[in-house]
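To keep things clear, I will list the structure first and then write my remarks on it.
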Amino acid sequence: MEWKKLHEHLGVELESDQLQDITKVLVSSYHGLPYDLKPIFLYLSIFPENNEIRRTRLLRRWIAEGYIANNRDMPVEVVGERFFNELINRSMIQSSKVSHGLKVDRCRVHGMMLHIILSKSIDENQLFVIKKHCNEVPQSKIRHLVVNRWKKRDEKLENINLSLIRSLTVFGECPASLITPEMRMLHVLDLEDTANLKNEDLKHIGKLRHLRYLGLRGTDISKLPSSLQNLLYLETLDIQDTQVTQLPDGIAKLEKLRYLLAGVNFSRDLLQKMPQFGMENHNSNLLGNLASCLYCYNAQSCEISGMDQFSVMVPEGIEKLRNLHMLSVVNVRKSKDVAGKLERLTNLQRLGVTGLGQEEGKELWNSIKNLNRLQRLEVRSESLDFLVNNKDIDATPPKYLVSLRLCGLLDELPVWIKSLNDLTKVKLIGTQLKQDDIHRLKDLRNLASLGLWEKSYKEKSLIFNDGTFRSYSSISMDWRLLKQLTLRRVRCLNFNNFG
């Protein structure tokens, strides 16, 4: 039946012979996939047509579903990346956004191929989609349930057997009381960017004991229920771009937690989110806003300062979460012995921190030198001077970093940065650097992306000499702030303006 619908859908635009030929090629491409790639490709039928799928979201969902088996020789993330790249190379999925390091950040499935795998998923009772004007009810048990632009919970849902569904994904508005204890086998709950999601809608979350992936990114959630501590199998907790600033007690019980993502993403999104927190003049005086927020953390009367609203407080017992690979963005201003706690998280590959004073900054770096797997580091502070002339850092810098993001005043770029041979991305906000600091980046042979964002460069002229960057690099900044830009025999720079 579904294949017939597909034929009718495509037949409007194509002649019969053309349609049959194209369909045969696409179906043959699917059947030609290796055994381990077929289920993860079929999984993409969950996402609507023209939806840009974030690579990391997809990989973490694959892991949560068990589609990527543990491999003694390589981490599941690496295996997942290989599967993803294989689908790209086979043109089964299309890249829609590529980072400057040539890694595909987002993808989509071609419309015709999506209809094929959607039809196959529905025919095999793997997937059911509830959407506007949908009157059908699945006649058998289903594995994946998708709610697409369906505003109210009505009798249709009452007639669906929810006890065996493994994933629930919502696009558009989230119906009230959608999440029920009946979904006891749920592994993935993905509500990313859904509208009208309220705190009370998560009241039954603690009863979903098999949950491995909880995606709340981009929703209006401001508080997580205390029952979250019951989710002992949870691997991904994504509350980025929400209003959550504090994690519930008992979070340290989630010892399988692999990805804890919170706060506002470090990028131009950071500036765009500021008006939501009452910082209306962020474009004209970002540094002043950041400084006033950060000064606030010394005041006893200020429970949550402006900057705190872009992060979550370090939870009690964080050192017990030794399976963590990603921890970002956490505020350490009230945490005792933060260095001693973080240095126990030896699996960390990505770390983002804020709320650092000078002493906390030095302690942080004492712990970072023990994090040998750390690849991505983000530091937000009123002053980043603890990064400069620090003998501990100079002696043992985090040499495996591929990405460094700094937000705050910095007198000069640290000398030890030159030794980071794997560094491909540097993003800066509020650093107030000078020409000599930019020149110091010339020895970074793998640097592919440099972001000089709000208040990161203080001079009115900028010079790039031949040999400043050894590889093809992209530089983004508001070029209107410069009076003079000089390029001397530079061949490999790509300039992006965001002003």
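The values are calculated or read from the model by the stated rules, or taken from the named source; none is laboratory data. This is a predicted model, so every value here is computed, not measured. All Cβ positions, glycine included, derive from the backbone under ideal geometry; neighbour counts span all protein chains shown.
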Within the range 85-103, of all residues that are among the hydrophobic types (A, V, I, L, M, F, W, C) and in a helix (DSSP H, G or I), the one surrounded by the most Cβ atoms within 10 Å (Cβ to Cβ) is 87
When residues of the range 230-257 are limited to those that are in a strand (DSSP E or B) and touching a Gly at 6+ places or on another chain (Cβ under 8 Å), the one farthest from residue 65 (Cα to Cα) = 238
Sole residue being hydroxyl-bearing (Ser, Thr, Tyr), outside the structural domain of residue 54 (by TED's automatic domain parsing) and at pLDDT below 95, chosen from 163, 167 | 163
Only residues that are at positive phi and crowded, with 20+ Cβ neighbours inside 10 Å: list them for the range 329-382, please.
-> 355
Do we have any residue at all in the range 401-410 that's at pLDDT 90 or above and more than 25 Å from residue 454 (Cα to Cα)?
-> no
Go through the range 366-382 residue by residue and tally those that are free of Cβ contacts under 8 Å to residues at least 60 places away in the same chain and under 18 Å from residue 411 (Cα atoms).
-> 1
Of all residues in the range 64-84, count the ones that are surrounded by 15 or more Cβ atoms within 10 Å (Cβ to Cβ) and part of a helix (DSSP H, G or I).
-> 9
Filter the range 306-358 down to the residues that are of a type in the set (Asp, Glu) and within 19 Å of residue 224 (Cβ to Cβ), then identify the one that is modelled with the lowest pLDDT.
-> 308
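Results for (1) crowded, with 17+ Cβ neighbours inside 10 Å; (2) part of a strand (DSSP E or B), shown as yes or no for each residue.
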position: 399; (1), (2): no, no
position: 404; (1), (2): yes, yes
position: 421; (1), (2): no, no
position: 428; (1), (2): yes, yes
position: 437; (1), (2): yes, no
Taking the residues in the range 141-160 that are at pLDDT 80 or above and of a type outside the set (Val, Ile, Thr) as candidates, determine which candidate is surrounded by the fewest Cβ atoms within 10 Å (Cβ to Cβ).
-> 141
The residue from 44, 14, 58, 26 that alone is modelled with pLDDT under 85 and assigned to a helix (DSSP H, G or I) is 26
Note on the range 183-229: residues under 22 Å from residue 264 (Cβ atoms), assigned to a loop (DSSP other than H, G, I, E, B), in contact with a helix residue (DSSP H, G or I) (Cβ under 9 Å, 6 or more places away or on another chain) and of a type outside the set (Ser, Thr, Tyr) are 191, 192, 216, 217, 220, 221, 223, 224
